[in-house]
Every structure is written in C-alpha cells, then in structure tokens.
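Notes follow once the structure below has been shown.
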Amino acid sequence: MDKLFAEKKMEKYRFNPHLEHSFEVANLLDESFLKDFLKNLCAAIEAPSEKIAASIFIKRYSFIAVISLYAMTAWNKKLNVSLDNVKMESPEQGKEWLPGISLKDVTGQEWDGTERSEWRASVFKDLFANNIYPLITHLEKTVGISKLILWENIAVYLFWLYETELKEYPNDHIAADFRFLILEAAGPLFGRYDLNPLQKYFVGKTYLKEWDTEVRVRKTCCFTYQLPAGKRCKTCPCTYISKDGRCQDGESICEAVRSFA
C-alpha cells in the first residue's frame, strides 16, 4: 500500500507524521517525566487534578489503538506500535488538546497469508500488553486512577471503530476481528490478566430520550465533566446516577466505578 495514501487515510484518526512539538511516549514510563507531563497537561486543559488529566490522556492516546486495529483489519497490516516507536503531540496552554500521534517507523508488516488468528494475536499483544498495559499500570500506580476507567476509555473508541467506521468497509475480516476483540482474545494479550479487560464494557445499548438515539452507557465515568466546559459525555453513567444524588464530584473514585469494581 502506498505510504502517502495510508497516512492520509489515518489522518482521520489523528495520525500526523509531521508533529512540530512532540514527546516520545516511552518517556512516560519514567516517573519524573510522567509527573511533569501530567502537571503540564493539567495546566494546558485546566484539569483540577492529575488523576483527571490521566484519564483525559488515555482518552486521547486511545487513538493509537484505533490506528493499529484499523490498519490490521482494513489493510491486513501490522504497524510497529512499540512504545519506543510512538510520538505524541505535546499539550500547549490555550489550545484544545486533541493531539496528533506519529510513528517513527511507519512501514509496518503485511500479513503473509498464513494462519491469520496467530498473526492477529501478535498484533493485539504488541498493542495492548506491550504498549497500553504498561502505561495504564504506571498511571494507576502514580496517580491512583482506576484501571477500569482507563480501559473503558480505550474500549469505547474501539467499539466505535468496528461498529461505525468499519461498518461498510469491504473487508471479510471485520466481523471476525471484532468478535476476537470483545469475546475471544485471551487475557494475557492485554497484559497481566486472566480475562479480557475490554469484554465487560461491551453491553447492550439503551435508548436515551434526550438524545433520541441508542447509546452504550459507560460503566465508569471518565471525568471529562471536570474540565472547564463542564459537559458530560453522551454515554456518561453519572448523568443517571446524579439524578438521585449518588454522583460524587472531585478526585474520589466515582460511584459508577465503585459499583462496577
């Protein structure tokens, strides 16, 4: 596949090979670097705490998973998403932080046509166990945010990818890859887990009168409403919990997470 064509298609998912102000994502595994990053992110997006900034970071970083699985399913291509290969746009004060993501090496590897299930499992392990899991674990340890929130931040974008973005894509692998993601992938492909950590979030959709549409209400709150705009996501569970006074604001783990854990 032509490199320029691939990069152009992935721009929709925040892929940007020409980042001006960026950092290497692998540096976030250094505790000092991570604390400085979260401090700067808090200032840039006016987040009231590093815990909330950590949740917003993973929401934005989820697009590395979107990019990786889009390439896998749509193009049968395995991108190099090792932490050392990923760069991300730095937060800047006064700007909305919807960061671009780039790969130092964008060549990737084509599926060679042999057993696809084994090849797909290797894509998952490199993406989840070797990239996302270390970051989530480090964030939980550093700022005390629940992994449940962070995994759901990723899950919602991957459900969107397969249910919306790839819905009409002319490819025989979409249904099988989505089924593998939500039902068949073993826990160790995601890190030190016995069970798939994304599976629990794939539940039925609920009709919401105020939106006149069906949505999959989240199990956890991502704390986006704590940012200056004060808006809750369409799928926020606290919209309903707050109606009877059980929604807790601030840094403490919210009622949605407590009841789900």
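The values are calculated or read from the model by the stated rules, or taken from the named source; none is laboratory data. Computed from a predicted model, the values in this text were never measured in an experiment. Because the Cβ atoms are built from the backbone with ideal geometry, glycine has one as well, and the counts that use them run over all protein chains shown.
Close Cβ contacts (under 7 Å, 6 or more residues apart or on different chains) running from residues in the stretch 32-54 that are within 14 Å of residue 136 (Cα to Cα) to residues that are small (Gly, Ala, Ser) comprise 38/53; 38/54; 51/144; 53/47. Contact map, the stretch 117-146: first residue touching a residue at least 12 places away in the same chain (Cβ under 8 Å), second residue hydroxyl-bearing (Ser, Thr, Tyr) and surrounded by fewer than 20 Cβ atoms within 10 Å (Cβ to Cβ), Cβ cut-off under 9 Å, separation 6 or more or different chains; pairs are 126/82; 129/193; 130/82; 131/82; 133/193; 143/49.
One line per residue, one yes/no per condition, for (1) over 20 Å from residue 109 (Cβ atoms); (2) assigned by TED's automatic domain parsing to the domain that holds residue 121; (3) at pLDDT 95 or above; (4) among the acidic types (Asp, Glu):
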| site | (1), (2), (3), (4) |
| --- | --- |
| 9 | no, yes, no, no |
| 31 | yes, yes, yes, yes |
| 36 | yes, yes, yes, yes |
| 55 | yes, yes, yes, no |
| 60 | yes, yes, yes, no |
| 65 | no, yes, yes, no |
| 70 | no, yes, yes, no |
| 75 | no, yes, no, no |
| 79 | no, yes, yes, no |
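Among the residues of the stretch 81-116, those that are of a type in the set (Gly, Ala, Ser) and modelled with pLDDT of 95 or more comprise 82, 90, 100, 102.
Only residues that are surrounded by 24 or more Cβ atoms within 10 Å (Cβ to Cβ) and over 12 Å from the mean Cα position of the chain (by Cα) were counted across the stretch 138-158, and they come to 2. When restricted to residues that are crowded, with 21+ Cβ neighbours inside 10 Å and in a loop (DSSP other than H, G, I, E, B), the stretch 36-46 contains 0.
Return yes when residue 26 is among the aliphatic types (A, V, I, L, M), in contact (Cβ under 8 Å) with a residue 60 or more places away in the chain, surrounded by fewer than 21 Cβ atoms within 10 Å (Cβ to Cβ) and in a helix (DSSP H, G or I) and no when it is not.
Details: among the aliphatic types (A, V, I, L, M): yes; in contact (Cβ under 8 Å) with a residue 60 or more places away in the chain: yes; surrounded by fewer than 21 Cβ atoms within 10 Å (Cβ to Cβ): yes; in a helix (DSSP H, G or I): yes.
So residue 26 passes the test.
A quick yes/no check of all residues on (1) hydrophobic (A, V, I, L, M, F, W, C); (2) under 26 Å from residue 28 (Cα atoms):
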site	(1), (2)
153	no, yes
182	yes, no
186	yes, no
202	yes, no
212	no, no
216	no, no
227	yes, yes
234	no, no
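The criterion of at least 1 residues that are modelled with pLDDT of 80 or more, touching a helix residue (DSSP H, G or I) at 6+ places or on another chain (Cβ under 6 Å) and at negative phi is met by the following helices (runs of 4 or more DSSP H) wholly inside the stretch 169-261: 174-179.
Among the candidates 40, 16, 76, 85, the residue that is in contact with a Ser or Thr (Cβ under 7 Å, 6 or more places away or on another chain) and not aromatic (Phe, Trp, Tyr) is uniquely 16. Taking the conditions (1) among the hydroxyl-bearing types (Ser, Thr, Tyr); (2) modelled with pLDDT of 80 or more; (3) over 23 Å from residue 144 (Cα atoms); (4) surrounded by 11 or more Cβ atoms within 10 Å (Cβ to Cβ) in turn, residue 164 satisfies each one other than (4). Close Cβ contacts (under 8 Å, 6 or more residues apart or on different chains) running from residues in the stretch 98-112 that are of a type in the set (Ser, Thr, Tyr) to residues that are at pLDDT below 90 and surrounded by fewer than 18 Cβ atoms within 10 Å (Cβ to Cβ) comprise 107/3.
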